Amino acid sequence: MANAVQIRDIPQFVGQEVLLQGWVYSRTDKGRLQFLQVRDGTGFVQCVVFKKEVEPRVFESVQALTQESSVVITGVVRQDERAPGVPGGYELGVSDVRVVQISEEYPIQPKEHGIDFLMDNRHLWLRSQRQWAILQVRATVMRAIRDWLDGHGFINMDTPILTPAACEGTTTLFETDYFGEPAYLAQSGQLYNEANIYAFGRVYCFGPTFRAEKSKTRRHLTEFWMVEPEAAFCDLDQLMEIEEQFVSHIVHTCLSERASELAILERDTSQLERVAPPFPRISYDEALERLAAIRARSEDENVREQLQIEWGDDFGSPHETELTRQFDKPVFVYGYPSRAKAFYMEPWPGRPEISKSVDLLAPEGYGEIVGGSERISDPELLVRRLVEWNLPQEAFEWYLDLRRYGSVPHSGFGLGVERTVTWICGIDHLRETIAFPRTLKRVYP
Ligand code: 4AD
Ligand code: MG
């Protein structure tokens, strides 16, 4: 019997007989010829069944194959430039087919379905080529993140998911009953990372984070994955240098390793090729001036309305979208008003109303993918902030300790995996970038 091979490895087997184990993605009946698109999780390949090259019972069983039937196929790998598939340019001349199961009528047909239907069938929708391509890119993003950080002296430290206090504002906390006391699902691992840097210097945590986001947007999930590097003896400028190296590495890893997936998604990769340090840096104040100029130029009432913003407010999606359209690379916006951001951010020297914060906005209208800052290192200032933000000091005593014993300037950031994958894939909505998205209206399947 031939060796079982994976479709992604097929180019190495030209001229040889192989065995594929997978599912029928589609079947085209041309009488004496049957074309099967077969997928096995690693790729898609066309399998050609010619009546006179297989036993009659095999040909009959092929004629009965429905979409998503599971099969074991034997055949010889041929190179053919026109053959569709991933990797492209190869097909299988079939000699035998063993049917594992004839699938029942599959709910997802090669036609347009509504998004609610697809989301209800997310467990099946994952098999579609487009979803497969997006999630392959995601897996590469995850690995590129770890590779870069591990290779640059950051140690992976896991931070808790059940936590006693808020990190990113009390309005989006998910509360759980922790043996009669409230505990909250982590919004961020940052505060624990700040403890970890005093033991390890440079660290990162990487895991799911939870926010009870009540807004229904294409940029928000209630459960999303975030990687959060944190570094001791690091200021805001150094942080931006780390971010631009890091993000460029992620993008270029996808370009080199996921070219065929990006092609399936019809991504214009020339936009991504440009992503290289240095990224432009503008202040919040300058961003506001640019937005005012865009408003003044716009003849569209809606645009003028949407772009309205007072000094002191954080940006919404429309502001970020317009700003990023002015740059052909990701752009840093730094120096946000302190009251628009979290309690732990270091004030700007000489301008306490703004913070040493920085967001990285992805181009082509995508907007914020990274949020970060220098952290307050002075214990007294931090206590004042807890009071101003109405946060319970008891819950933060351990965090205050970090400022009491060898405090140093330090900084960190959080990169949202789903927003990054949405941008790299060039798609509209981040719900497709995680296998089972959790949103305001959805915890099924
Ligand atoms: O800007 P955020 O809220 O920053 C923090 O959580 C900091 N504690 C990070 C740090 O400095 N260690 O979130 C960081 C990133 C955002 O830029 C965005 O990419 C993503 O996390 N994010 C979300 N992604 C999907 N759905 C949501 N509801 C998200 N909220 C934030
Ligand atoms: Mg943010």
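What follows draws every value from the coordinates through simple rules; no lab data is involved. What you see is a predicted model; the values in this text were computed from it and never measured. Here the Cβ is made from the backbone with ideal geometry for all residues, glycine too, and neighbour counts use every protein chain on show.
Restricting the calculation to Cα atoms, the chain shows an Rg/Rh of 1.06 when the hydrodynamic-style radius is the Kirkwood one.
Modelled spin-label separation between Leu126 and Ala259, with each label point placed 7 Å from Cα along the Cα-to-Cβ direction: 2.9 nm. Couplings 3J(HN,Hα) for the range 252-258, derived from phi with the Karplus relation 6.51 cos²θ - 1.76 cosθ + 1.60 (θ = phi - 60°), are 6, 5, 5, 4, 7, 9, 10 Hz, where x marks Gly and Pro. Estimated from the Cβ-Cβ distance and a Förster radius of 25 angstrom, the FRET efficiency linking Glu394 and Ile155 is about 0.25. Backbone amide hydrogens, once placed in the peptide plane, bring Gly367 within less than 5 Å of Ala362, excluding anything fewer than 5 places away on its chain. For Glu241, put the label point 7 Å out on the Cα→Cβ axis and report which residues of the range 129-171 keep their amide N under 20 Å from it. What the label zone holds, given the 20 Å backbone N cut-off, is 148-155. Net charge of the neighbourhood of Val76, taken over other residues with C-beta under 14 Å away and scored Lys/Arg +1, Asp/Glu -1, is -4.
List Asp147, Asp120 from most exposed to least, where exposure is judged by having the fewest other Cβ atoms within 10 Å.
So the residues, fewest neighbours to most, are Asp147, Asp120.
Taking max minus min of the alpha-carbon positions on each principal axis, the range 283-329 gives extents of 26, 26, 17 Å, largest first.
Shown here for the range 37-109: trypsin sites (Lys or Arg not before Pro) in loop regions (DSSP other than H, G, I, E, B) with at most 16 other Cβ atoms within 10 Å, namely Arg82. In this structure, the residue pairs whose Cα-Cα separation is over 26 Å, taken from Lys214/Lys356; Lys216/Lys341; Lys329/Lys356, are Lys214/Lys356.
Computed over neighbours whose Cβ is under 12 Å from that of Ile7, the net charge equals -1, Lys and Arg +1, Asp and Glu -1.
Evaluated at q = 0.10, 0.22, 0.23 Å⁻¹, the base-10 log of the normalised Debye intensity for the range 3-101, with identical point scatterers placed on the Cα atoms, takes the values -0.21, -1.11, -1.23. Estimated from helical segments only, the mean residue ellipticity of the chain at 222 nm is -9000 deg cm²/dmol, where each DSSP H run of four or more residues counts as -39500 (n - 2.57). For Lys51, a cut-off of 24 angstrom between C-alpha atoms picks up these lysines, skipping any fewer than 8 places away in its own chain: Lys30.
Label separation (Glu286 vs Thr217): 2.4 nm, computed from points 7 Å beyond Cα along the C-beta direction.
Average 1/r across all pairs of distinct alpha carbons in the range 290-382, invert it, and you get the Kirkwood radius: 14.2 Å.
Applying 1/(1 + (r/R0)^6) with r as the Cβ-Cβ distance of Glu175 and Glu299 and R0 = 45 angstrom yields a FRET efficiency of 0.45. Evaluating 6.51 cos²θ - 1.76 cosθ + 1.60 at θ = phi - 60° for every residue in the range 209-225, the Karplus couplings come out as 10, 10, 9, 7, 6, 8, 8, 9, 10, 7, 10, 10, 10, 8, 10, 9, 9 Hz, glycine and proline recorded as x.
Between Asp80 and Phe35, the modelled label-to-label distance comes to 0.8 nm, taking each label 7 Å out from Cα in the direction of the beta carbon.
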